[in-house]
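The values are calculated or read from the model by the stated rules, or taken from the named source; none is laboratory data. Here the structure is a predicted model, which is why all the values come from computation and not from measurement. Ideal geometry is used to build each Cβ from the backbone, glycine not excepted, and the neighbour counts take in all protein chains shown.
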Amino acid sequence: MNVLLLAEHDNAALNEATANTLAAACLIGSHIDVLVVGNECRPVAEKAARLAGVSHVLLVEASHLADGLPENIAAQLVAMAAGYTHILAPATSTGKSVMPRVAAALDVAQISEIIAVESPDTFTRPIYAGNALLTVKSSDPVKVMTVRATAFPAVGEDGCAPIESVAAVADRGRSRVVSRDLTRSGRPELASADTIVSGGRGLASRENFHAVLEPLADRLGAALGATRAAVDAGFVANDLQIGQTGKIVAPQLYIAVGLSGAIQHLAGMKDSLIIVAINKDAEAPIFQVADFGLVGDLFELVPALTKALD
Amino acid sequence: MKVLVPVKRVVDYNVKVRVKSDGSGVETSNVRMSMNPFDEIAVEAAVRLKESGAVTEIVAVSAGNAGCQDTLRTALAMGADRGMLIETETELQPLAVAKLLKAVCDMEQPRVVLCGKQATDDDANQTGQMLAALLDWPQATCASQIVLSSDTATVVREIDGGLETVEIDLPGVVTADLRLNEPRYVTLPNLMKAKKKPIDVILAATLEVDIAPRLATLWVAEPPARPAGVKLNNVAELVAHLRNAGVIA
Ligand SMILES: Cc1cc2nc3c(=O)[nH]c(=O)nc-3n(C[C@H](O)[C@H](O)[C@H](O)COP(=O)(O)OP(=O)(O)OC[C@H]3O[C@@H](n4cnc5c(N)ncnc54)[C@H](O)[C@@H]3O)c2cc1C
Ligand SMILES: Nc1ncnc2c1ncn2[C@@H]1O[C@H](COP(=O)(O)O)[C@@H](O)[C@H]1O
């Protein structure tokens with residue numbers, strides 16, 4: 001088995017999901033090359049070289065590869081695909097936009113968001129918002145997949161793989177990034193946070209969302225998350241949405257406040273180690289997955305909880 | 001400008017699906033079927049672009065069994081001009097759908113294909129990107145805003161860290177995310193009017209593309225259930241439990 005793994009990064013830092021994806025790759029085979037495609041991104045390659053289990057880091061740098069445009073990244077992967085039995089990427093925005101292109105160009109299926117490797121050709125993934133788990137066997141000569149980071153514990157950092165430079169493919173030239181509006185916060189990243197305080201429509205306003213949840217999140221060193229309803233109502237930015245169509249998280253502690261627990265939301269958080277629900281409706285479905293529930297008004301309970309932690 | 005909108009018929013998102021006891025799949029007989037929610041958003045976006053004058057014709061396409069006629073009728077009632085059913089009883093995986101859609105694009109020559117970002121049954125999030133690759137077109141996935149000019153589409157995309165604006169040359173593929181719009185309700189009069197709009201039926205076999213599934217389903221299982229939790233009486237009890245579990249200091 002020869003595995004090619006697309007590293008996720010922003011040219012400056014390696015995204016942690018890469019180390020989780022590598023853990024999945026290690027379950028498939030022992031020859032694993034990590035591909036770092038970008039521009040002026042050698043520090044990323046150096047970081048990738050330290051991940052345990054990497055055979056080679058392949059570094060491709062060019063200005064037209066700086067923005068991670070899927071047309072260019074996919075073309076690069078396709079050009080390098082020969083000889084690999086598996087091509088993997090984390091199931092991030094980049095992985096999801098690039099990998100189907102790679103698969104179609106190679107005339108093979110793509111397997112999305114695997115959560116288990118049963119054997120080198122058999123994988124399990126959630127379908128129907130996680131209400132069912134599908135195990136598929138691939139007959140394709142190369143398996144192209146994205147990997148759900150929360151399903152595989154990250155590998156360690158005791159490696160020292162050689163870094164090789166590889167020539168860049170030509171610019172496809174038919175798409176451009178105009179601008180990026182990235183949310184910056186001093187909080188941990190949702191995807192890797194140990195604790196998440198998540199709010200729903202019950203918070204009732206943007207002001208309340210921040211006034212009520214931030215002190216608790218500050219006290220716990222937690223990331224903030226939200227439901228689609230909270231994002232749609234403008235309480236928080238879209239990148240905080242957790243669920244079937246948002247982020248998938250699995251922290252040690254997930255505190256769900258004023259959210260009902262729709263299946264589409266549960267799809268993104270039900271693998272959390274401990275779930276706490278605070279909701280005034282004792283029948284809310286979130287209580288069916290919560291380890292600990294408090295029935296009552298969040299505007300009283302959350303400040304009381306924050307205070308009790310001091 | 002002609003826009004093609006692929007629409008998929010899926011189990012309604014309000015239905016909690018059941019895994020069949022023999023593990024061969026999920027129960028889809030006698031459950032409510034609807035248009036994939038992201039495809040409703042894509043149809044709505046196309047209709048609004050037509051209302052604003054940027055688009056002249058909207059063709060809705062669905063691949064699957066005869067039941068997909070209903071989905072196409074819904075698209076027509078929302079404002080699509082005509083429908084195409086690519087009929088087959090074969091289980092269609094995203095690569096197969098992308099190949100069928102490519103064949104349709106070769107015939108119809110749309111300037112934009114506007115897909116949903118993801119089907120809520122297979123949760124694949126692949127077809128639009130695969131179609132773009134097969135056509136060698138650029139793509140803009142997870143759109144929360146679309147502005148068309150005659151040669152380009154400027155698309156605000158929802159990405160992990162926030163928002164990204166990309167400009168793609170046309171022809172191109174755009175996939176719709178949740179916040180692109182709120183789809184209109186289909187009214188009875190519009191549904192009646194839609195009955196007069198044409199739906200072409202094309203047998204998938206006549207398109208001469210390989211649609212055989214590449215992935216064999218070995219089994220489908222229920223996800224492990226979480227053990228029942230407890231409701232607590234007050235905040236102090238909660239803090240004690242969380243300390244005990246070692247998840248707070
Ligand atoms: C295709 C599709 C994809 C979707 N993807 C996602 C997704 O990725 N993520 C997601 O979250 N949703 C998603 N949704 C939406 C989902 O179906 C629900 O509509 C949404 O999760 C509901 O958000 P909510 O729980 O905040 O709101 P609601 O369901 O309105 O719940 C609000 C809760 O707050 C409680 N409450 C109100 N006031 C108080 C108070 N003072 N004190 C305590 N409790 C209070 C209420 O009892 C209620 O339970 C998707 C929907 C579709 C159709
Ligand atoms: N059978 C189908 N018929 C028409 N369009 C489809 C079909 N399957 C997928 N699509 C389109 O592709 C999008 C993504 O689907 P998927 O890749 O399966 O998640 C959907 O939102 C539809 O727009």
Review point. In the set A:ILE242, A:ILE275, which member is buried (at least 22 other Cβ atoms within 10 Å of the Cβ), over 16 Å from the mean Cα position of the chain (by Cα) and either assigned by TED's automatic domain parsing to the domain that holds A:ARG125 or of a type outside the set (Ser, Thr, Tyr) (or both)?
Key: A:ILE275
**Study point:** Count - residues of the range B:1-37 that are of a type in the set (Lys, Arg), in a strand (DSSP E or B) and within 13 Å of the chain's Cα centre (by Cα)
**Key:** 1
Review point. What pairs can you find where one residue is in the range B:175-202 and within 30 Å of A:GLN244 (Cβ to Cβ) and free of Cβ contacts under 8 Å to residues at least 40 places away in the same chain, the other is part of a strand (DSSP E or B) and among the polar types (S, T, N, Q), and their Cβ atoms are less than 7 Å apart, with a gap of 6+ or different chains?
Key: B:ARG179/B:SER144
Check your understanding: Is it the case that the range A:155-164 has a residue that's touching a strand residue (DSSP E or B) at 6+ places or on another chain (Cβ under 8 Å) and more than 17 Å from A:SER30 (Cα to Cα)?
Key -> yes
Check your understanding: In the range A:247-264, which residues are within 16 Å of ligand 2 (Cβ to nearest atom) and either in a strand (DSSP E or B) or more than 9 Å from every other protein chain (Cβ to nearest Cβ) (or both)?
Key -> A:ILE248
Exercise for review: Give the residue, chosen from B:PRO189, B:PRO183, that is assigned to a helix (DSSP H, G or I) and more than 8 Å from chain A (Cβ to nearest Cβ).
Suggested key: B:PRO189
Review point. Pick from B:ALA133, B:ALA216: which is facing chain A (nearest Cβ under 8 Å), assigned to a helix (DSSP H, G or I) and free of Cβ contacts under 8 Å to residues at least 40 places away in the same chain?
Key: B:ALA133
Check your understanding: If you check B:ASP121 against the conditions, is it touching a Phe, Trp or Tyr at 6+ places or on another chain (Cβ under 8 Å) and either within 26 Å of B:TYR185 (Cβ to Cβ) or within 16 Å of ligand 1 (Cβ to nearest atom) (or both)?
Key -> yes
Review point. Condition test on B:GLU40, is it within 12 Å of ligand 2 (Cβ to nearest atom), part of a loop (DSSP other than H, G, I, E, B) and either at pLDDT 95 or above or within 14 Å of chain A (Cβ to nearest Cβ) (or both)?
Key: no
Review point. Pick from the range A:109-121 the residues that are more than 10 Å from chain B (Cβ to nearest Cβ) and within 16 Å of the chain's Cα centre (by Cα): which of them is nearest to A:ALA262 (Cα to Cα)?
Key: A:ILE114
Review point. Which residue, of A:ALA256, A:ALA229, A:ALA284, A:ALA290, is modelled with pLDDT of 95 or more, out of contact with any Phe, Trp or Tyr (no Cβ under 6 Å at 6 or more places or on another chain), within 7 Å of ligand 1 (Cβ to nearest atom) and within 16 Å of B:GLY229 (Cβ to Cβ)?
Key: A:ALA284
Exercise for review: Being more than 12 Å from ligand 2 (Cβ to nearest atom) and crowded, with 24+ Cβ neighbours inside 10 Å is the filter; apply it to the range B:75-107 and report the residue that is nearest to the other protein chains (Cβ to nearest Cβ).
Suggested key: B:MET78
**Study point:** Count of residues meeting criterion [in a loop (DSSP other than H, G, I, E, B) and either closer than 22 Å to A:SER97 by Cβ or more than 10 Å from chain B (Cβ to nearest Cβ) (or both)] in the range A:122-150
**Key:** 4
**Study point:** Qualifying residues in the range B:108-125 (those that are in a loop (DSSP other than H, G, I, E, B) and more than 14 Å from chain A (Cβ to nearest Cβ)) - the one surrounded by the most Cβ atoms within 10 Å (Cβ to Cβ)
**Key:** B:PRO110
Practice item. Would you point out the residue of the range A:278-295, among those that are in a loop (DSSP other than H, G, I, E, B) and within 8 Å of chain B (Cβ to nearest Cβ), that is surrounded by the fewest Cβ atoms within 10 Å (Cβ to Cβ)? Key: A:ALA282
Study note, to complete from the structure: Matching residues in the range A:296-310 (facing chain B (nearest Cβ under 7 Å) and touching a residue at least 60 places away in the same chain (Cβ under 8 Å)) number 2
Exercise for review: Quick one: which residue in A:GLY246, A:GLY296, A:GLY261, A:GLY268 is near ligand 1 (Cβ under 9 Å from one of its atoms), within 26 Å of B:ALA225 (Cα to Cα) and modelled with pLDDT under 95?
Suggested key: A:GLY246
**Study point:** Residue satisfying condition, being more than 11 Å from every other protein chain (Cβ to nearest Cβ) and assigned to a strand (DSSP E or B), within set B:SER62, B:SER144, B:SER150
**Key:** B:SER62
Review point. Would you call B:ALA103 touching a Leu at 6+ places or on another chain (Cβ under 6 Å), within 16 Å of ligand 1 (Cβ to nearest atom) and part of a helix (DSSP H, G or I)?
Key: no
Revision key, fill the gap. Expected single match for of a type in the set (A, V, I, L, M) and within 12 Å of another protein chain (Cβ to nearest Cβ) among A:LEU224, A:LEU220, A:LEU213 is A:LEU220
Exercise for review: Can you tell me which residue among B:ALA96, B:ALA54, B:ALA66, B:ALA75 is among the aliphatic types (A, V, I, L, M) and under 26 Å from B:GLU167 (Cα atoms)?
Suggested key: B:ALA54
